[in-house]
1. Within the set Lys48/Lys83; Lys29/Lys83; Lys83/Lys132, which residue pairs have Cα atoms separated by over 25 Å?
2. So how much slack lies between Glu155 and Ala50, counting 0.36 nm per residue of separation and subtracting their Cα-Cα distance, in nm?
3. Would you mind checking the range 113-133 for residues with the amide N under 12 Å from a putative spin-label position 7 Å along Cα→C-beta of Lys83?
4. Under 8 Å for C-alpha pairs, at least 6 residues apart: give me the relative contact order for the chain, rounded to a whole percent.
5. If I model a spin label as a point 7 Å beyond the Cα along the Cα-Cβ vector, how far apart are those points for Leu25 and Arg99 in nm?
6. Using a Förster radius of 25 Å, what is the FRET efficiency between Glu163 and Lys132 based on their Cβ-Cβ separation? Nearest 0.05, please.
7. Taking only Cα atoms and a 10 Å spring cutoff, compute GNM fluctuations for the chain and point out the largest among Leu96, Leu35, Leu152.
8. Just tell me which aspartates and glutamates come within less than 18 Å, Cα to Cα, of Lys97; anything on the same chain fewer than 8 places away is out.
Amino acid sequence: MNSILLIGDIVGYGNLGMSVMLPILSHMKYEIYRLPSSLVSNNFGYGKFAVLDTTDYMRQCIDVWEEQGFTVDAVCTGFLVSKEQAQLVTDYCRRLKARGTRIFVDPIMADDGELYNGLTQQTVEYMREICKVADVIVPNVTEAQFLTGLFLGKESLTMSEAETL
(Lines give C-alpha, C1' and ligand atoms only; values in the text may rest on other atoms or scores of the structure.)
Protein backbone atom coordinates (compact mmCIF):
# COMPACT_ATOMS: atom_id res chain seq x y z
CA MET A 1 0.00 0.00 0.00
CA ASN A 2 1.59 3.25 -1.14
CA SER A 3 -1.18 5.81 -1.63
CA ILE A 4 -3.97 6.78 0.74
CA LEU A 5 -6.96 9.06 0.16
CA LEU A 6 -8.08 10.86 3.32
CA ILE A 7 -11.73 11.90 3.32
CA GLY A 8 -12.68 14.05 6.28
CA ASP A 9 -12.90 17.45 7.85
CA ILE A 10 -10.30 20.15 8.07
CA VAL A 11 -10.54 21.87 11.45
CA GLY A 12 -9.36 25.46 11.75
CA TYR A 13 -8.87 25.66 15.52
CA GLY A 14 -7.55 22.47 17.04
CA ASN A 15 -5.58 19.44 15.97
CA LEU A 16 -8.32 17.14 14.74
CA GLY A 17 -9.44 15.36 11.64
CA MET A 18 -7.24 15.28 8.62
CA SER A 19 -4.62 17.57 10.18
CA VAL A 20 -3.70 14.79 12.63
CA MET A 21 -3.52 11.94 10.11
CA LEU A 22 -1.60 13.80 7.40
CA PRO A 23 1.79 14.27 9.11
CA ILE A 24 1.84 10.76 10.59
CA LEU A 25 1.05 9.01 7.31
CA SER A 26 3.40 11.31 5.38
CA HIS A 27 6.20 10.51 7.83
CA MET A 28 5.50 6.82 7.18
CA LYS A 29 6.23 7.57 3.48
CA TYR A 30 2.68 7.12 2.15
CA GLU A 31 1.59 9.26 -0.77
CA ILE A 32 -1.39 11.16 0.65
CA TYR A 33 -4.37 12.59 -1.22
CA ARG A 34 -7.09 14.67 0.39
CA LEU A 35 -10.81 15.11 -0.14
CA PRO A 36 -12.17 17.50 2.49
CA SER A 37 -15.73 16.74 3.61
CA SER A 38 -16.01 20.05 5.41
CA LEU A 39 -14.17 23.01 6.81
CA VAL A 40 -14.91 23.32 10.52
CA SER A 41 -14.05 26.34 12.65
CA ASN A 42 -13.28 24.30 15.79
CA ASN A 43 -14.31 21.04 17.40
CA PHE A 44 -17.92 20.59 18.43
CA GLY A 45 -17.07 20.50 22.12
CA TYR A 46 -16.91 24.29 22.23
CA GLY A 47 -20.68 24.46 21.68
CA LYS A 48 -20.52 27.08 18.95
CA PHE A 49 -18.91 26.30 15.60
CA ALA A 50 -19.12 27.01 11.89
CA VAL A 51 -19.19 24.25 9.25
CA LEU A 52 -18.77 24.62 5.49
CA ASP A 53 -20.22 21.57 3.72
CA THR A 54 -18.08 20.67 0.68
CA THR A 55 -20.37 18.03 -0.88
CA ASP A 56 -20.58 19.82 -4.25
CA TYR A 57 -16.79 20.16 -4.40
CA MET A 58 -16.39 16.49 -3.45
CA ARG A 59 -18.75 15.41 -6.23
CA GLN A 60 -16.77 17.47 -8.76
CA CYS A 61 -13.44 16.05 -7.54
CA ILE A 62 -14.67 12.47 -7.71
CA ASP A 63 -15.98 13.01 -11.23
CA VAL A 64 -12.65 14.49 -12.37
CA TRP A 65 -10.61 11.80 -10.62
CA GLU A 66 -12.65 9.00 -12.17
CA GLU A 67 -12.43 10.63 -15.61
CA GLN A 68 -8.64 10.89 -15.17
CA GLY A 69 -8.41 7.29 -13.97
CA PHE A 70 -6.77 8.22 -10.66
CA THR A 71 -6.38 5.32 -8.25
CA VAL A 72 -5.39 4.88 -4.61
CA ASP A 73 -4.45 1.84 -2.56
CA ALA A 74 -6.54 2.80 0.47
CA VAL A 75 -9.21 5.23 1.61
CA CYS A 76 -9.60 6.47 5.18
CA THR A 77 -12.88 8.22 5.91
CA GLY A 78 -13.61 10.48 8.85
CA PHE A 79 -16.26 13.07 9.65
CA LEU A 80 -19.05 13.32 7.07
CA VAL A 81 -21.49 16.23 7.14
CA SER A 82 -24.74 14.86 5.74
CA LYS A 83 -26.65 11.89 4.45
CA GLU A 84 -26.06 13.09 0.87
CA GLN A 85 -22.31 13.33 1.46
CA ALA A 86 -22.19 9.95 3.17
CA GLN A 87 -24.00 8.36 0.22
CA LEU A 88 -21.55 9.99 -2.22
CA VAL A 89 -18.58 8.67 -0.22
CA THR A 90 -20.17 5.24 0.23
CA ASP A 91 -20.80 4.89 -3.51
CA TYR A 92 -17.27 6.08 -4.35
CA CYS A 93 -15.72 3.69 -1.82
CA ARG A 94 -17.81 0.84 -3.22
CA ARG A 95 -16.44 1.53 -6.73
CA LEU A 96 -12.87 1.81 -5.45
CA LYS A 97 -13.20 -1.37 -3.40
CA ALA A 98 -14.33 -3.26 -6.51
CA ARG A 99 -10.93 -2.30 -8.00
CA GLY A 100 -9.02 -3.58 -4.97
CA THR A 101 -8.79 -0.46 -2.83
CA ARG A 102 -8.88 -1.07 0.94
CA ILE A 103 -11.48 0.97 2.84
CA PHE A 104 -10.95 2.15 6.43
CA VAL A 105 -13.83 3.93 8.18
CA ASP A 106 -13.67 6.01 11.34
CA PRO A 107 -17.36 6.78 11.98
CA ILE A 108 -16.70 10.07 13.71
CA MET A 109 -19.97 11.03 15.38
CA ALA A 110 -19.95 10.50 19.16
CA ASP A 111 -18.01 10.27 22.39
CA ASP A 112 -18.64 10.01 26.12
CA GLY A 113 -22.05 8.36 25.59
CA GLU A 114 -23.48 11.09 23.34
CA LEU A 115 -23.62 12.11 19.69
CA TYR A 116 -21.59 15.19 18.90
CA ASN A 117 -23.35 18.54 19.07
CA GLY A 118 -25.69 18.91 16.09
CA LEU A 119 -25.65 15.25 15.03
CA THR A 120 -28.75 13.05 15.06
CA GLN A 121 -29.90 9.45 14.74
CA GLN A 122 -29.82 10.04 10.96
CA THR A 123 -26.03 10.38 11.31
CA VAL A 124 -25.91 6.93 12.91
CA GLU A 125 -27.93 5.50 10.01
CA TYR A 126 -25.66 6.86 7.29
CA MET A 127 -22.55 5.84 9.20
CA ARG A 128 -23.94 2.30 9.35
CA GLU A 129 -24.19 2.34 5.55
CA ILE A 130 -20.60 3.39 4.95
CA CYS A 131 -19.42 0.81 7.52
CA LYS A 132 -20.93 -1.91 5.33
CA VAL A 133 -18.35 -1.05 2.64
CA ALA A 134 -15.39 -0.93 5.03
CA ASP A 135 -12.62 -3.48 5.32
CA VAL A 136 -11.74 -2.03 8.73
CA ILE A 137 -13.91 0.07 11.07
CA VAL A 138 -12.31 1.99 13.96
CA PRO A 139 -15.07 3.43 16.15
CA ASN A 140 -14.57 4.52 19.72
CA VAL A 141 -16.76 2.76 22.33
CA THR A 142 -19.62 5.29 22.09
CA GLU A 143 -19.66 5.13 18.29
CA ALA A 144 -19.66 1.32 18.42
CA GLN A 145 -22.62 1.44 20.84
CA PHE A 146 -24.59 3.71 18.50
CA LEU A 147 -23.69 1.67 15.41
CA THR A 148 -24.73 -1.64 16.98
CA GLY A 149 -27.51 -0.40 19.27
CA LEU A 150 -25.89 -2.44 22.06
CA PHE A 151 -25.13 -1.21 25.58
CA LEU A 152 -26.29 2.34 24.79
CA GLY A 153 -25.65 4.67 27.71
CA LYS A 154 -23.54 2.14 29.60
CA GLU A 155 -20.40 3.91 30.80
CA SER A 156 -18.21 0.90 31.39
CA LEU A 157 -18.31 -2.49 29.74
CA THR A 158 -17.22 -5.91 30.86
CA MET A 159 -14.64 -7.66 28.70
CA SER A 160 -17.39 -9.89 27.33
CA GLU A 161 -19.58 -6.90 26.44
CA ALA A 162 -16.63 -5.16 24.77
CA GLU A 163 -15.93 -8.27 22.69
CA THR A 164 -19.61 -8.49 21.73
CA LEU A 165 -19.61 -4.81 20.78
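The values are calculated or read from the model by the stated rules, or taken from the named source; none is laboratory data. Everything quoted here is computed from the prediction, not taken from an experiment. Counting neighbours? That spans all protein chains shown, and the Cβs are built from the backbone with ideal geometry, glycine included. These accessible areas exclude ligands, DNA and RNA; they are computed on the full protein's heavy atoms, side chains included. Shrake-Rupley method; radii C 1.70, N 1.55, O 1.52, S 1.80 Å.
1. The answer is Lys29/Lys83.
2. This chain segment gains 34.8 nm when fully extended.
3. 120-127
4. Averaging sequence separation for qualifying contacts and normalising by length gives 20 percent for the chain.
5. 1.6 nm
6. Efficiency, from the Cβ-Cβ distance: 0.75.
7. For the chain, modelled as a Gaussian network with Cα springs under 10 Å, the answer is Leu152.
8. Asp63, Glu66, Glu67, Asp73, Asp106, Glu129, Asp135
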